[in-house]
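Heads up: the structure comes next, in structure tokens.
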Amino acid sequence: MVVMGHVISPFGVRGCIKVRPYTEYIDSLLDYSTWWLGDKNGGWREIRIIAGHVSGNTLTVELENYHNRTLAEPLKGLQVAIPRNQLPDLAENGESGYYWSDLIDSSVVNLKAEKLGKVIGLLETGANDVLQVQDSNAGNKERLIPFIDQVVMRVDLQSKQITVDWGMDY
């Protein structure tokens, strides 16, 4: 499974949910009529999508068999995934690109080999994508690092490490 987003919360009284996608384009998840919902421990369950639309930087989605808010409430916090075999193939070394979900939990180090933290998410800002990096050694401080060629020097998917030209004090 490739994690492509997470459920933020139920939305409205008719069982819809709000989803934060981790995709390059906000609406990319809507290309799939079936999603799998689960948590970090797995336990994936298949969910059919009836309808959805973009709402700012999130998706509002209507699910089959979820007809009220009470049914949708337990979905809050679950990850949204698509089986990798349903996605376009990308080289494992990342040279032809990578999925945002492949970057989650990667260690981020700068050119001085200082550890900046781990990737907890990515944001699409319009101008460029941004890595959300959480530093557990600094009280879970969050750093926002532009995901652009001038800053990101190397992405090593196999060792789950991203090297950036970024200072500890930024």
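The values are calculated or read from the model by the stated rules, or taken from the named source; none is laboratory data. Being a predicted model, the structure only gives us computed values, none of them experimental. Ideal geometry is used to build each Cβ from the backbone, glycine not excepted, and the neighbour counts take in all protein chains shown. Ligands, DNA and RNA are excluded from the accessible area calculation, which covers all protein heavy atoms including side chains. Shrake-Rupley method; radii C 1.70, N 1.55, O 1.52, S 1.80 Å.
Worth a mention:
- Residue (of Ser106, Val2, Leu63) at the positive-pole extreme of the chain, dipole from beta-carbon charges: Leu63
- Semi-axis lengths, Å, the range 43-101, gyration tensor of Cα atoms, sqrt of 5 times eigenvalues: 28, 14, 11
- Amide N of the range 141-170 lying under 18 Å from the label point, which is placed 7 angstrom from the Cα of Ala127 along Cα→Cβ: 143-152, 165-167, 170
- Gyration tensor (alpha-carbon) shape descriptor, the range 129-170, a/c threshold 1.5: oblate
- For Leu122, the amide hydrogen comes within under 5 Å of the amide hydrogens of Gln132, counting only partners 5 or more places away or on other chains and with H modelled in the peptide plane.
- Placed amide H near Trp166: partners under 5 Å, 5+ positions off or other chain: Leu111
- Those lysines that a straight Cα-Cα span of less than 19 Å connects to Lys76, excepting residues fewer than 8 apart in one chain: Lys18, Lys40
- In order through the range 45-51: 3J(HN,Hα) via Karplus (6.51 cos²θ - 1.76 cosθ + 1.60), integer Hz, x for Gly, Pro: 10, 7, 10, 8, 8, 8, 7
- Karplus-derived 3J(HN,Hα), 6.51/-1.76/1.60, for each residue of the range 135-147, Hz, glycine and proline x: 9, 5, 7, 10, x, 6, 4, 9, 10, 10, 10, x, 8
- Of the three principal axes defined by the Cα atoms of the range 111-152, the extents in descending order read 30, 21, 10 Å.
- Projected-area average for the chain over all orientations - Cα convex hull basis, square nanometres: 10.6 nm²
- A 1.4 Å probe, protein heavy atoms only, puts the accessible area of His67 near 130 Å².
- Here's how it looks for Asn68: its modeled amide H is under 5 Å from those of Gly15, which are all 5 or more places away or on a different chain.
- By average C-beta atoms within 10 angstrom, highest first, the peptides 78-88, 35-45: 78-88, 35-45
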